[in-house]
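Nothing in this text is a laboratory measurement; each read-out follows from the coordinates by a stated rule. Note that the coordinates shown come from a computational prediction; the quantities given were computed from them, not determined experimentally. When we count neighbours, we look across all protein chains shown, and the Cβ atoms used for this are built from the backbone with ideal geometry, even at glycine.
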There are 2 protein chains.
Amino acid sequence: MLLSDQAGQTAAAKIPRPATLRESVIEAIQELIVSGQLKPGQHLVESELAELLGVSRQPVREALQQLSGEGWVDLHPGQGAFVHVPTLEEADQLLAVRTLLETESARLAAGHAGEDGVKRLRALCARGIAAVQSDDVDAAVATNSELHALVTDLSGNKVLAELAAQVARRVRWYHTPVARQRGMASWDEHTSLIDAIEAGDEQRAAKIMRDHTEHTRASYMEQRENEPAEPAPKPVRRRRPRTPSAS
Amino acid sequence: MLLSDQAGQTAAAKIPRPATLRESVIEAIQELIVSGQLKPGQHLVESELAELLGVSRQPVREALQQLSGEGWVDLHPGQGAFVHVPTLEEADQLLAVRTLLETESARLAAGHAGEDGVKRLRALCARGIAAVQSDDVDAAVATNSELHALVTDLSGNKVLAELAAQVARRVRWYHTPVARQRGMASWDEHTSLIDAIEAGDEQRAAKIMRDHTEHTRASYMEQRENEPAEPAPKPVRRRRPRTPSAS
DNA sequence: TTTTAGTCGACTGCCTACAGCATACCGTCC
DNA sequence: GGACGGTATGCTGTAGGCAGTCGACTAAAA
């Protein structure tokens, strides 16, 4: 038996190589954005990020471009990169797209998922419920993402899964505040979703997923309604205040 | 009246700026791939492309990364970039996703599109039919893309439109051979689609679009069935034969 | 006081250079 | 004859540097 065949499981292979600097930078910047250290509309100066992360400008540039492709930052040619400002309208549209993609995923997953897949779903669901019960919002959100990602994987359509993952990453940005509000209800829905998938009932799985994501969407919109819109921080190139040399 | 308000039309603004080198390089490489000058699986050496296009490696690198994000090339860390090898399975999945996105777009467009939108659709449709009648396959494919893009735009969901555009760009790669086969039938379907959108009939618009994209998909799969798969050119780093210095 | 021209500063875009690494080739040992 | 280790090669990943360009600030004119 060849060594490469031994690992039938996907994740088993590949030692966690330090990867390229670019990928590390991408994750670091995403983290900075999600955590709010980089505010929407803020001008991202390459050299500053480079210094902050202890790398040169090149990996930062490449990271910013990739992040631009995924909708995290806006790239204005000749001006630089700005943290994307998520409008209410856009969030609504994004969540609508997520509903579309995940509903289809759930339908397909109900048709394709095997025993093993269902088992993994149940395990994730248990972890999520545990997280909610111990009030660990971050863990709950993370597990939620993992669960949804697994559903899209089980759909058997790799392209669909990849696209859904891309959308989900963006959704996650605004997802944290909602999670606290939705709490346990969300995980009950997950449980019935898994039941439907296990039963191979495509119709029901699709319907549950649609309702589920729509609940999240409604919850988010409701939440946002309350906080009045920020005073539209137009993306303008920040400028370091002129050094008051001698005065 | 402000000057910027004068141009109500979208395309009217923006002088065709020389754009960044990166964007030019992206388009150039896409063209090289679509035209077949760069074959699937081929190792893309940055320095060679740089020399070929008359630029330095930096813009080429950035272009390759963006193209990787859009599925044109595969980036193997530490090894370089390879032209993506489109498998039959992946094409099927990609077309399935396109069906999903465009069907939803058509449904929304039927609800949102105004008179002006319908008029523009009709204009594009006429152009496409003219292209088919004069046997200009390239123009027909281009117009087809424009028409579908316009439908997604008219859906009113920008996120959906952007995602559909991304998928459509990839689809277009394998679309040309199909277009010749489908010919006129495709444009008859477009016409009825526009009729449904004009009538505001969401159900019918969605159904027509679904059937339409599924026809394209079936046509493509049928076409591919005939040509036996290539002997799997595993993506290996090409190496220039050692210079037989003195012999 | 409002508009307009001019200047300065800083950042982006691109190029060049270097270090590390992965692969292919080749001789040697079992 | 086949497997293994050494060596060479050329590519990628990263760093640093320079010129072009955009925006902001200042001062002068209407």
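Things to note:
- A straight line joining the Cα centroids of the range A:22-46 and the range B:69-121 runs 28 Å.
- Gain in span if fully extended, residue A:120 to residue A:199, counting 0.36 nm per residue against the direct Cα distance: 26.9 nm
- Entries of B:119/B:207; A:119/A:158; A:119/A:207; A:39/A:158 with Cα pairs more than 23 Å apart: A:39/A:158
- Pair residue A:19, residue B:39: separation of 7 Å Cα→Cβ label points (nm): 3.4 nm
- Separation in nanometres of the label points that stand 7 Å from Cα toward Cβ, at residue A:145 and residue B:112: 2.7 nm
- Inter-label distance, residue A:225 to residue A:192: 2.3 nm, where each label sits 7 Å from its Cα along the C-beta direction.
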